[in-house]
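The values are calculated or read from the model by the stated rules, or taken from the named source; none is laboratory data. Just so it is clear, the model here is predicted, and its values are computed rather than measured. Methodologically, a virtual Cβ is constructed for each residue, glycine included, from the backbone with ideal geometry; neighbour enumeration extends over all protein chains shown.
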Amino acid sequence: MEDRHEYAKIESYKLIALPQVRKIKNSRIAELAASIATKGLINAINVARLTTEEFQNYIDFINELWEENIKIENYQAYDGYYYLVIAGHSRFNACKLNGMEKIDVKIHYVNTPEEILGIQLDENIHEKISEERRAVAIIENYYIGLRRCWWQNKEEFVIKNKHNFSRKDLEDALVFIELPKAIQKHIFAGNVYYDVGIELGKISDLILKYETNEWDGKDLESLEQAIYWRYIEIMADIQSQRRKSIKGGKKVIKDWQEKLEKKLGIIISTVGEDEQMSIDLENALERQYFQYLQARSEEVKIKMQALKNDRFNEVIALYQLGTNMLGIKTAEDIKTLESFREDYVSDVEHGYRLRKTKEAV
């Protein structure tokens, strides 16, 4: 379908930017703001003009895909239309930081989520973008294609999109989507390198297989909890590295892979031949499974507490991950950590100023 668009200047307060899965670094926005202040906005921001029904359809798609809770009533229409920023979010934030009242935009007259994703895909192809942003584009296009029956499986998707993305980018993203949505969002938020997330996706089947073997077979919700605790525990190990690196993160994943494969091999070999032994083991697992889940949660808490005092943001992010995945009430813990973080930052800044004063003397 032909892209119908026009260029215009729109008041910044009329533009809508929905929450982004891939978080934008404040340092990046500050750099862009400085550049725009000096050179002006070189490339107009891409905006979709949507009716109430069209905007609601797009929100529904994003909420379903990323498990968000975006509500249309939190946004305002002007002259019967919503003006949604669909590409150029960093530039838009930089313009707002500069206090620009009107912003140059390219208004696209589109109707569906598919058309919006098509414009975003075109922008991604013609711009040099981060691998995380590329992954988000691939994931969203994969799921919209499944909805519209453009492809039936991952293999078809790779074949039909080989001209839009490299095969490696496609295959990496399709491994990544095996992770729970909360883990994907945790990684896209910058808590863990995307490359490390890909490695974690590669052992998602192993995690499922291991926890299924440990499961008592009674309650699917308890199995899901065990799987989620395992992911959070692995995340805690990744984020507790003294120096965060892709290589270090991959080593954590490799160690976990070997540990789970070894334990899984023992379980299978123990149960394999004797049916009565299998029944006895099932009964034992049923009696012990509650304690097993409790042990999972305790191990995670210990690892989170072991993170150094100057890594409050990472601990807070892990607590929030626990809330998102397991519904754990962590508001008080997060509030306490944020208070500690403020005190710590204050102490660090005071020490820095003190050192500077002594150097000046």
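Couple of notes before you dig in:
- Residue within segment 101-109 that is assigned to a helix (DSSP H, G or I) and among the hydrophobic types (A, V, I, L, M, F, W, C) present: no
- Residue list for segment 170-215, restricted to those being part of a helix (DSSP H, G or I), β-branched (Val, Ile, Thr) and more than 18 Å from Trp229 (Cβ to Cβ): Val175, Val196, Ile198
- Contact annotation: residue pairs with Cβ atoms under 7 Å, 6 or more positions apart or on different chains, pairing a residue in segment 145-169 that is surrounded by fewer than 16 Cβ atoms within 10 Å (Cβ to Cβ) with a partner that is in a helix (DSSP H, G or I) and of a type in the set (Asp, Glu), are Arg148/Glu114.
- Screening Glu53, Glu73, Glu68 for residues that are under 30 Å from Thr323 (Cα atoms) and surrounded by fewer than 14 Cβ atoms within 10 Å (Cβ to Cβ) leaves exactly one candidate, Glu73.
Each row is one residue, and each column tells you yes or no for (1) under 19 Å from the mean Cα position of the chain (by Cα); (2) in a strand (DSSP E or B); (3) at pLDDT below 95; (4) not basic (Lys, Arg).
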{"position": "Ala8", "(1), (2), (3), (4)": "no, yes, no, yes"}
{"position": "Gln20", "(1), (2), (3), (4)": "yes, no, yes, yes"}
{"position": "Glu31", "(1), (2), (3), (4)": "no, no, yes, yes"}
{"position": "Asn43", "(1), (2), (3), (4)": "no, no, yes, yes"}
{"position": "Ile59", "(1), (2), (3), (4)": "yes, no, no, yes"}
{"position": "Val85", "(1), (2), (3), (4)": "no, yes, no, yes"}
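- Residue ID - surrounded by the most Cβ atoms within 10 Å (Cβ to Cβ), chosen from residues in segment 186-213 that are charged (D, E, K, R) and within 19 Å of Ser245 (Cα to Cα): Glu199
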